[in-house]
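The values are calculated or read from the model by the stated rules, or taken from the named source; none is laboratory data. The model shown is predicted, which means the values in this text are computed figures rather than measured ones. Ideal geometry is used to build each Cβ from the backbone, glycine not excepted, and the neighbour counts take in all protein chains shown.
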Amino acid sequence: MEPIVSALEELDTTLTLLKVGELLINTLLIFVLLFLFTQLFSLSVYYALFVVVLYFLVALYFLFSKNRYSLVEHKVKDLNEKLSTVADNVSKVNPLVDSLKEDVLKGIGFIRIGEFINYESVALKILALTLISVLVLVVSFFNVNFDFALGNLTFSGVVPEVGKAVTHVSDINLSYKEGNLSSLLGNRSIAQLGVEELSFSLHPLYSSTDLSKIGENSKEEFNAPVFPKEIYTSYELAYNEKINKEHQNVVKGYFQTIAG
Amino acid sequence: MVSMEELQKKFKTLFSEIDKVIVGQEAVVEQVIIALLCNGHAYVEGYPGLAKTMLIKTLAGVMDLDFSRIQGTPDLLPSDITGTYIIDESKGKKEFKFQEGPLFSNVVLVDEVNRATAKTHSAILEAMQERQVTIGNMTHKLESPFFVLATGNPIEQEGTFKLSEAQIDRFLFKILIGYPTLEEELRIVDRFTEQDFDDIKIRKLFSADELLKLQQLVRQVPISNDLKKYAVDLVVSTRNKKDLIEYGASPRASIAMIHTAKARALMNGRKYVSKEDLQAVSYPVLRHRIILSFEAERQNMTEDDVIKQLLKK
């Protein structure tokens, strides 16, 4: 292998590693920043991941599609336009190209890789990364978030009980969003139906059941209770929610109704 | 192979030799030499009395090349420039002998080419393109190097035969020659009132063979892919700038851009093409290959103004 070929390969690898390293720091910084954002606004962490992956891929594409030698040419004036020319014509053999290869090979010896690292910028980025990471920890620990419940940006505050010894479940004043209770209370629109009769029909075309074979409901009689006595329903205050006082009776009544 | 330092020194001497006769006009001299190094032809446009003939005559002298001059007139016939068969009786019997015309020279100056008729234009253009002339059914090869410098006068357009776009595209460069500055004109006056043009001794620096070798060497000058793309992008952009350019440049312009940039690099003692070379040659390469739109003409823009806009992008 020609000395110029191995020199160019070495230079390219070093520059690629430097640039990829810088890109990783940038990506991490953006991720931590977005993660903090998702924590504060109770958004899914997947949003942050999606944006960061997209940024990384696009930046990587531009990094590899760009001529990395131009970076050296900007720093080392003696190699300006020579390096790219030699790299693009490395397979050609003629007196001019050969002479240019020799010049470039000499010039490569004067390249100091340290010149391509912006220490100030890297230090600042790492500092920012550390600060944001600490902020993420604080936000997670004290469960700080902004609530959109009233349509306005409101600050829900720090949970005061955190840090104290938890003696009873009801002591914990859990902050919640209405959406979080859907698994317990069911869909809000159905809940509002209350005791009203729900009427729906099946479209014959979209149903796998042959509707023509379905007749009237037959009345079934159950003689004795089939459930063992040990099984019974009861309700208990499982958690203390932030429900307005005037609504508490309505909620309580609702749970009593569904509990039979 | 001659070293780049020696070559650069030789070109510097060439410029200083030409400077003995031609005052100023460095860009014009440079462009003419580039066209010569690229084995192309140049069209020079300028007002009368700007030393166009003197320049090409001096260049032919410095390069040790044969020089001939054709004056374009409406009654100029193709046979007047290509040559014709004459009856030779010198050997005691009558036989046809081919008498070469002025095209059989290394450097041909076609003065006021637009005054010649279309038929004569086609004879000149065949010589330029094919490097041969056809008389009857006989084709005669022209000697290398062969360089045509055609001149045109931007004024007095009455009774002229404008070269078509296809014909003018054959010229590698369109060189604009302007008036000298006041200082330059004072030097011209001093020089030519104190001594005769014939008294100025010019050294022969390049032989025809050396020039042919240099033409080969120009092709070997490497260029980076980025710059190649830059040149082609520039030419393509002339086709897409519909607001100012009605018809853009052909791929021949892309070839000319890169080829002439290589020659300029070599002339300046560089073994590689730089962006500056491409920008410098873009004006003479593109200005005769684009046709301005009505909008550009309405804005009183010249071809060079439009090229300048394209270069700024």
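For this structure, a couple of remarks:
- Hey, B:LEU205 in contact with a Lys or Arg (Cβ under 7 Å, 6 or more places away or on another chain) and not polar (S, T, N, Q) or not: yes
- The strands (runs of 3 or more DSSP E) falling completely within the range B:63-141 that include 3 or more residues that are closer than 23 Å to B:GLY40 by Cα and in the same structural domain as B:GLU158 (by TED's automatic domain parsing) map to B:67-71, B:107-111, B:132-135, B:138-141.
- Filter result (in contact with a Ser or Thr (Cβ under 9 Å, 6 or more places away or on another chain) and in a helix (DSSP H, G or I)) within the range A:37-52: A:THR38, A:GLN39, A:VAL45, A:TYR46, A:TYR47, A:ALA48, A:VAL52
- Top-ranked residue of the range A:87-110 - restricted to ones that are within 13 Å of chain B (Cβ to nearest Cβ) and within 44 Å of the chain's Cα centre (by Cα), ranked as farthest from A:LYS19 (Cα to Cα): A:ASP88
- Single residue of the range B:235-278 satisfying the filter (within 13 Å of another protein chain (Cβ to nearest Cβ) and surrounded by fewer than 19 Cβ atoms within 10 Å (Cβ to Cβ)) that is farthest from B:GLU303 (Cα to Cα): B:GLY269
- Residue in the range A:112-121 that is at pLDDT 85 or above, more than 30 Å from A:VAL72 (Cα to Cα), hydroxyl-bearing (Ser, Thr, Tyr) and in the same structural domain as A:GLY21 (by TED's automatic domain parsing) present: no
- A:PHE35 vs. criteria of a type in the set (Phe, Trp, Tyr), within 28 Å of A:VAL72 (Cα to Cα) and in the same structural domain as A:ILE113 (by TED's automatic domain parsing): no
- Evaluating B:LYS119 against the criteria (1) basic (Lys, Arg); (2) within 23 Å of B:THR302 (Cβ to Cβ); (3) over 17 Å from the mean Cα position of the chain (by Cα) leaves one unmet condition, (2).
- Going through (1) more than 23 Å from B:ARG187 (Cα to Cα); (2) hydroxyl-bearing (Ser, Thr, Tyr); (3) more than 14 Å from chain A (Cβ to nearest Cβ) one by one, B:SER3 falls short only on (3).
- The residue that is surrounded by the fewest Cβ atoms within 10 Å (Cβ to Cβ), counting only those in the range A:60-86 that are at the interface with another protein chain (Cβ under 9 Å from one of its Cβ atoms) and assigned to a helix (DSSP H, G or I), is A:SER70.
- The sole residue among A:LEU24, A:LEU40, A:LEU54, A:LEU33 that is touching a strand residue (DSSP E or B) at 6+ places or on another chain (Cβ under 8 Å) and over 30 Å from B:LYS228 (Cβ atoms) is A:LEU40.
- Per the conditions (1) under 29 Å from B:ARG252 (Cβ atoms); (2) loosely packed, with under 14 Cβ neighbours inside 10 Å; (3) more than 18 Å from the chain's Cα centre (by Cα), the sole criterion not satisfied by B:GLY101 is (2).
- Filter result (surrounded by 17 or more Cβ atoms within 10 Å (Cβ to Cβ), more than 9 Å from chain A (Cβ to nearest Cβ) and small (Gly, Ala, Ser)) within the range B:206-234: B:ALA231
- Check on B:ASP304, within 14 Å of chain A (Cβ to nearest Cβ), at negative phi, part of a helix (DSSP H, G or I) and touching a Lys or Arg at 6+ places or on another chain (Cβ under 7 Å): no
- Test for B:GLN195: is it within 11 Å of chain A (Cβ to nearest Cβ), under 23 Å from B:THR13 (Cα atoms) and without any contact (Cβ under 8 Å) to a residue 60 or more places away in the chain: no
- Annotation: B:THR58 fulfils all but one of (1) within 14 Å of chain A (Cβ to nearest Cβ); (2) buried (at least 21 other Cβ atoms within 10 Å of the Cβ); the unmet one is (1).
- So B:PHE11, is it in contact (Cβ under 8 Å) with a residue 60 or more places away in the chain and over 16 Å from the mean Cα position of the chain (by Cα): yes
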